[in-house]
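*Asks:* First, the structure itself, so that you have it in front of you.
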Amino acid sequence: MKKFNLFFILTYIIINGGFAQNSFNTSGSCNVNVNDNSYLNGLRKPVIDATFTWGTTTADFCTGTLINRATLPDQLGYYFVTADHCVLDYSGEFPLPNDPEIDFNQFYTLKFNYQSPGAATSLTPETNQGYFNDENTSQSIPPQIPNGYEYYHKTKLRLVKRSYWGDFALIEILTPIPPHFNVSYAGWTPSPFYNGPLTEIQLLPPIPAPYVGISHPLGDIKKIWGSNNIQWLENPTAQGCYTVTTVIDVLFGWLWGNSVSSQVICNYVDNPWLTVPVLNYGATDRGSSGSGIFNSTNQLFGVLSGVGGSCDFPAFPMYGKLRANYYNASVKNTMNPTNNLAIDILGMPPIKNICYDHLILPGTQGDNVAAGQYFPASHYQDANKIVLQSLTSIEVVQPIKIYEGAEYKFRALSIVLNNNIIVQSGASFVAEIGPCGASWKTSPEEEMENLLLAKLSQINLPDKLIFEPGKWNVESEKIKIYPNPNNGTFTIQISSSEAKDITVQNLLGNIVYKSHNNTANNIEIDLRNYAIGVYVVKVYVVRTKWTKRAFI
């Protein structure tokens with residue numbers, strides 16, 4: 001243990017610069033803005049929208065990444081991963097393993113969509129550049145914008161699990177994130193085959209770099225780096241251990257409901273780190289700690305531990321493997337509460353909830369005034385229109401101000417505004433009665449992404465396996481889709497007559513259809529207003545999930 005602690009301390013002192021003070025436009029010139037389309041960063045939008053910077057009201061600690069969980073979208077909650085040293089309260093220049101934890105009884109600040117809408121940093125609006133001292137404060141910034149951030153969120157946090165082994169922390173956000181923040185939830189995988197099976201690698205679209213990291217270096221706006229290769233750093237003993245324990249989980253995990261994994265014992269013989277030897281573009285710096293590294297399918301598989309330099313002093317960054325901590329029971333049962341064995345092995349895709357069960361807006365209370373401030377989405381991304389949809393109703397219980405240039409639409413079967421919508425001149429607001437998705441059409445960018453990502457549909461793993469002595473039975477006939485392929489209209493035929501929840505989502509994780517407590521055996525689906533591509537149909541019946549793909 002003493003030997004490891006020495007390595008841990010040296011890692012921080014040599015390659016970690018500590019936490020970052022908030023500062024707009026101070027990261028090095030080699031950094032790349034996340035919306036620079038010359039790097040095809042549009043394909044990374046699901047993880048760009050999941051990344052944020054967090055800390056106190058006076059300093060950002062680190063970067064965090066919201067994560068998807070194996071549950072229905074409205075039961076996701078708000079969980080993020082970051083580095084263990086990000087939750088240490090240290091008085092020196094560098095964190096040490098024995099430093100106490102930060103006070104989880106106090107409030108912390110999270111800044112979402114803190115980024116330029118394009119390649120140039122200068123495109124970032126003044127109202128979203130952040131400030132902490134008078135000389136940087138412009139009189140043109142409305143006083144109700146907290147600290148110069150349009151998507152500023154104040155909340156208490158709950159620590160789910162932290163570990164210096166792999167420098168990992170899983171944290172819950174206790175105050176719900178306002179729906180108009182338009183966040184995504186990143187996919188993740190504990191698998192060492194971090195790009196999926198070989199067939200998947202061969203079918204990937206031509207992107208500049210298969211691996212990317214997204215962070216807020218020096219507390220600056222969101223940046224991205226890319227690399228062609230990583231070094232997994234796994235020793236032969238650990239490889240053998242993971243192989244044997246995976247077989248044990250597959251054959252016998254059903255006996256204990258897959259609630260625990262035998263693979264957790266391999267953590268003690270594994271190297272918990274991976275490195276990126278060369279960056280094609282971009283860099284990391286102080287404030288990048290805790291940020292994710294993502295594969296070509298936008299799954300997080302590591303968390304930044306050692307910064308590894310800057311533009312002026314390039315060096316390889318070091319990441320703690322998600323695998324080194326995923327199989328701890330508290331982490332696994334939070335990220336995969338259904339205890340789905342396939343998810344334990346391959347992980348989850350990214351998702352964005354675009355159809356809520358019920359919406360009460362602005363969606364949060366207390367000091368989070370940004371919840372009621374609706375700015376143009378074009379301040380942080382290419383698309384400007386934001387649509388908030390509900391399966392049932394939307395009710396506005398506190399004032400919402402829609403600023404000039406913004407374009408918002410509410411859609412639900414019932415909408416109650418209570419005279420709480422204030423629309424500035426030059427802004428657009430529409431309240432439309434109707435079901436989720438009836439007039440929602442994907443953008444050209446999403447159509448391109450669907451066509452490219454549709455190639456991945458050949459990878460098909462059953463969601464549920466039933467173990468019987470001497471044989472496997474895949475529950476594939478419980479759900480049928482016809483016609484398939486189709487022109488956008490098709491029927492889902494389900495053998496079960498029990499009440500079930502049904503979702504249809506595209507390969508980016510966006511939900512385009514949703515039904516709750518449906519008892520019908522045949523459900524008609526109309527997706528003619530959506531892009532051509534592959535859609536995933538999921539049926540949930542009494543803690544069981546069946547999945548099929550629909551081809552349009």
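The values are calculated or read from the model by the stated rules, or taken from the named source; none is laboratory data. Source: prediction; values computed, not measured. Positions of Cβ are backbone-derived with ideal geometry, glycine not excepted, and every protein chain shown enters the neighbour counts.
*Asks:* Taking Val534 as the residue in question, decide whether it is under 22 Å from the mean Cα position of the chain (by Cα) and in contact (Cβ under 8 Å) with a residue 24 or more places away in the chain.
*Replies:* Here the answer is yes, as Val534 does meet what is asked.
*Asks:* Read through the list (1) modelled with pLDDT under 80; (2) exposed (fewer than 14 other Cβ atoms within 10 Å of the Cβ); (3) in a loop (DSSP other than H, G, I, E, B), then give the number of the only condition that Leu251 fails.
*Replies:* Just one mismatch for Leu251, condition (3).
*Asks:* Go through segment 100-120 and count every residue that is in contact with a Phe, Trp or Tyr (Cβ under 8 Å, 6 or more places away or on another chain) and among the polar types (S, T, N, Q).
*Replies:* So the answer is 4.
For every residue, the table says whether it meets (1) of a type in the set (Gly, Ala, Ser); (2) buried (at least 18 other Cβ atoms within 10 Å of the Cβ); (3) in a loop (DSSP other than H, G, I, E, B).
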| site | (1), (2), (3) |
| --- | --- |
| Cys311 | no, no, yes |
| Gly320 | yes, yes, no |
| Ala324 | yes, yes, no |
| Val331 | no, yes, no |
| Asn339 | no, yes, yes |
| Ile343 | no, yes, no |
| Ile354 | no, yes, yes |
| Asp357 | no, no, no |
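*Asks:* Something else now. Restricting to segment 297-308, name every residue that is in contact with a helix residue (DSSP H, G or I) (Cβ under 8 Å, 6 or more places away or on another chain) and either among the aromatic types (Phe, Trp, Tyr) or within 27 Å of Arg69 (Cβ to Cβ) (or both).
*Replies:* Of everything in segment 297-308, those that are in contact with a helix residue (DSSP H, G or I) (Cβ under 8 Å, 6 or more places away or on another chain) and either among the aromatic types (Phe, Trp, Tyr) or within 27 Å of Arg69 (Cβ to Cβ) (or both) turn out to be Thr297, Asn298, Leu300, Phe301, Ser305.
*Asks:* Quick one: in segment 503-521, which of the residues that are buried (at least 22 other Cβ atoms within 10 Å of the Cβ) and in a loop (DSSP other than H, G, I, E, B) is nearest to the chain's Cα centre (by Cα)?
*Replies:* If we take residues in segment 503-521 being buried (at least 22 other Cβ atoms within 10 Å of the Cβ) and in a loop (DSSP other than H, G, I, E, B), then Gly509 is nearest to the chain's Cα centre (by Cα).
*Asks:* Which members of segment 509-552 meet the condition of being β-branched (Val, Ile, Thr), under 22 Å from Thr392 (Cβ atoms) and in contact with an Asp or Glu (Cβ under 6 Å, 6 or more places away or on another chain)?
*Replies:* If the condition is that a residue be β-branched (Val, Ile, Thr), under 22 Å from Thr392 (Cβ atoms) and in contact with an Asp or Glu (Cβ under 6 Å, 6 or more places away or on another chain), then Val541 is the only one that fits.
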